[in-house]
Each structure stands twice: as C-alpha cells, then as structure tokens.
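The values are calculated or read from the model by the stated rules, or taken from the named source; none is laboratory data. Nothing here was measured: the structure is a model prediction, and the numbers come from that model. Glycine gets a Cβ as well: all are built from the backbone with ideal geometry, and neighbour counts include every protein chain shown. When the accessible area is computed, the model is the full protein with side chains, heavy atoms only, and any ligands, DNA or RNA have been set aside. Shrake-Rupley method; radii C 1.70, N 1.55, O 1.52, S 1.80 Å.
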Amino acid sequence: MGFKTEAMEADWKAYTGLPNAHFLSSNTVGLHLAIELFKKKNGWADDDEVITTPLTFVSSNHAILYAGMQPVFADVDQYLCLDPQSVERRITAKTRAVLFVGIGGNTGQYEKIAELCRARGLKLILDAAHMSGSRLNGKHVGQDADCTVFSFQAVKNLPTADSGMICFRDQEDDAQVRKLSWLGINKDTYARTAAQGAYKWMYDVEELGYKYHGNSIMAAIGIVQLKYLDQDNAYRRQLANWYREGLAGQPGIHIVEVAPGCESSTHLLQIRVKNRDALLTVLNSNEVYPGVHYRDNTEYGLYSFGAGTCPAAKQASEEIMSLPLHMSLSKADVDTVCELLIRFTN
Ligand SMILES: Cc1ncc(COP(=O)(O)O)c(C=O)c1O
C-alpha cells in the first residue's frame, strides 16, 4: 500500500462517481470481505441466505461460502442476469442479501432487483467484475448498491494482472474494510511510514483480518489503464456491432441483448446456439477460440444442492458461447468468425 494505491482509489472514485473505493488484490477477496463485513455488522447467522446466480464464475458463490453463509440460487433472464421474479420467489425469513452479477457488463434487470432489495430490507452486493465502464441511464454502475466489487484481473476491461476494487456506499464500511483487508491492523503501512516519531509501530489489531489489500505495482498499472478504459470499451462495442451486423437474420444464432438503458462495458458478447459443443470444436479447428461464461454452477459438486432449481440457467449453460473480443481484433477477423458461425450453426 502506498501513494499509488491511494491515487488509484482517487482516480477510480473520480471516474465512477462512487463515494468510496478501496484497492484490493482481487475481486474474489472483495466479495468475501463485503459479505463478511455485512454479516458481522448486522449479526447475520451462519445459515442465513444470500440469493445468487448459478451463471457466474465460482468466485461469486465461493464468497458466500467463505463468509459462512448459504447461497440460494435464483434463475436468470434473457440477459443471463438474475431474474427479479425468480429472486422474489426465493426470499425467505433467512434471506439477508442478493448478489447480482452484471454478466458481460450487462445491467440486466438490475433496477428491479435494487427496488426489490429496498422494499424487502435486503443488502444488494454487485459483482461488477465485468462492469468497469458499464453505465446505466448515463451513470456508472454501482451507485445504488450497498457494495460494488470490480475486477482488474488480466483479461478484464481494465487489466492490471490481478487486482480489484471494493466500493461501499457507506463510508464507515469503507473504513472498516481497510482494516479487514490488512490483517485487522488499524494503521496501514503507508500511514505508519508517513507518521513521525517513535510511535510508528504502535498499531492495534482489533479483529481477525486478511491480507487482501492491493499493492502499488498493480495500482501503477491500473492508473494508466484507466486512461484507456472508455476508448477500449468503445472499441469492444464496435466489435460487438460488427458481429451483430454480420450475424443479423441468422435463425440459429441468438445474440444476447444488452438491457435497455445500459451502455455495456461489453466485456463479453454472448450468443446462444443449439449445437454449441460441436460448433466450439469446429471453430477451434479453424483457430477461433471462443469462451463459455459460464457453466451452471449447480453442475459442480460443491453447489449440486441447487441442481434442478434454475432451468433457464441450465439451458443457457448448454447454449452460450462468448465470441472473441479483444483490442487486436480487426473487422476482417470479425467477418471470418461470422462466416464460420453461419456455415457451421445448425
Ligand atoms: C463474474 C466474476 N466474478 C468474480 C470474478 C473474480 O475476479 P478476480 O479474478 O479479480 O478475483 C470473475 C473473474 O473472472 C468473474 O468473471
């Protein structure tokens, strides 16, 4: 920690308009800290529930388990984000929070989920791993969540190698998380270095924290990457539009839509096809390497207790494919991928 991490936090607050930001070593640790901090502060019990999506990277759901709480899976909608109706049906007397994942940068029906959380007194945690630069109705995402966590991992829109940012709505939570991410120590190394006199080493350890803070090397990279974020995201949207034009009118290829009002970071451009696995093999043999984001988490042994509860997520998990989308792609590359997709989709 040092002046670079502080500068990265200040730059991120200025860019997003969010009131608080603490730089961490990853998004995964941020989600853990968010849930653990809310759990301690609000006296949540171990078997209390957090409603979450099965269509995400396992970090989102592991975070709930790290904090000793119970993930309850709700189903996804046409945007592959949590479906508010399904979330509402999963609310019980033990529900304490909803973890919303803006998959691919899409806001989905986030506003309805936020409304539901407000009405039912639930905390809203936004896993914004894919959402650096995503805006909803002109404002950067995260404004109305209790906590928003970004990822600046190597393949994300703002890549640093590995780091993340946790943004609490409440300033007290921000102050608290700074201690929790630094082993529970109540003075960070930078504050100690800056302090004068013989008492620099006199800190207290008030509670059991973790070594989860971000470092100046990642921050130095992030500060520069942030200058290019909007420009890079605009190029991602351009690539997505080329794909949309190239694949328009293809009955076997459904492109997942961006929700109304959302200017997506376009971390992913996802399509749905019926012959996904065979198509992936054909594309790979033509040196095109799409991704799959993600496998329905209830298919993993750890989360198999949720199997069968989210049919829309299960079906999506069998049909989705994320098309190549990176800064070095050209229009000609996109045309090549479109031609292959059209030729080999049933
Ligand atoms: C939806 C989602 N959540 C969380 C994470 C975890 O991010 P990090 O690698 O910064 O821990 C990822 C990373 O792939 C992700 O895609």
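Structure data summary
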read-out: For the range 3-224, size of Cβ-based charge dipole, Lys and Arg +1, Asp and Glu -1, in debye; value: 280
read-out: The chain - percent relative contact order, Cα under 8 Å, separation 6 or more; value: 21
read-out: The range 227-346, accessible area per residue, ligands and nucleic acids excluded (1.4 Å, Å²); value: 50
read-out: Whichever aspartates and glutamates have a C-alpha closer than 16 Å to that of Lys39, once near sequence neighbours (fewer than 8 apart) are set aside; value: Asp47, Asp48, Glu49, Asp146, Asp170, Glu172, Asp173, Asp174, Glu207
read-out: Accessible carbon and sulfur surface of the chain relative to its total accessible area, %, 1.4 Å; value: 52
read-out: Dipole moment magnitude, nearest 20 debye, the range 1-83 about Cα centre, only Lys, Arg, Asp, Glu C-beta charged; value: 380
read-out: Rg/Rg_ref, the chain, where Rg_ref = 2.2 N^0.38 Å and atoms are Cα; value: 1.02
read-out: Extended-chain gain in nm, criterion 0.36 nm per residue less alpha-carbon gap, Ala93 and Asp277; value: 62.2 nm
read-out: Proximal aspartates and glutamates to Lys227, defined as alpha-carbon separation beneath 19 angstrom and excluding residues fewer than eight positions away on the same chain; value: Glu6, Glu9, Asp11, Asp162, Glu263
read-out: Rounded accessible area of His213 (nearest 10 Å², 1.4 Å probe); value: 30
read-out: Accessible heavy-atom area order of Ser304, Ser134, highest first, probe of 1.4 Å; value: Ser304, Ser134
read-out: Equivalent ellipsoid dimensions for the range 16-95 as semi-axes, Å, which come from the Cα gyration tensor, largest first; value: 21, 18, 12
read-out: Principal semi-axes in Å for the range 230-344 [√(5λ), Cα gyration tensor, largest first]; value: 25, 18, 13
read-out: Trp182 accessible area, assembled protein chains, probe 1.4 Å, Å²; value: 30
read-out: Karplus-derived 3J(HN,Hα), 6.51/-1.76/1.60, for each residue of the range 275-280, Hz, glycine and proline x; value: 9, 3, 5, 5, 5, 4
read-out: Alpha-carbon centroids, the range 46-102 and the range 117-174: separation in whole Å; value: 16
read-out: Cross-link pairs Lys123/Lys211; Lys13/Lys139; Lys4/Lys179; Lys179/Lys211; Lys40/Lys94; Lys40/Lys123 - those with Cα-Cα distance over 21 Å; value: Lys123/Lys211
read-out: Spin-label pair Lys41/Asn137, simplified geometry with 7 Å Cα→Cβ offset, distance in nm; value: 2.4
read-out: Residues with amide H under 5 Å from that of Ile185, placed H, sequence gap 5 or more; value: none
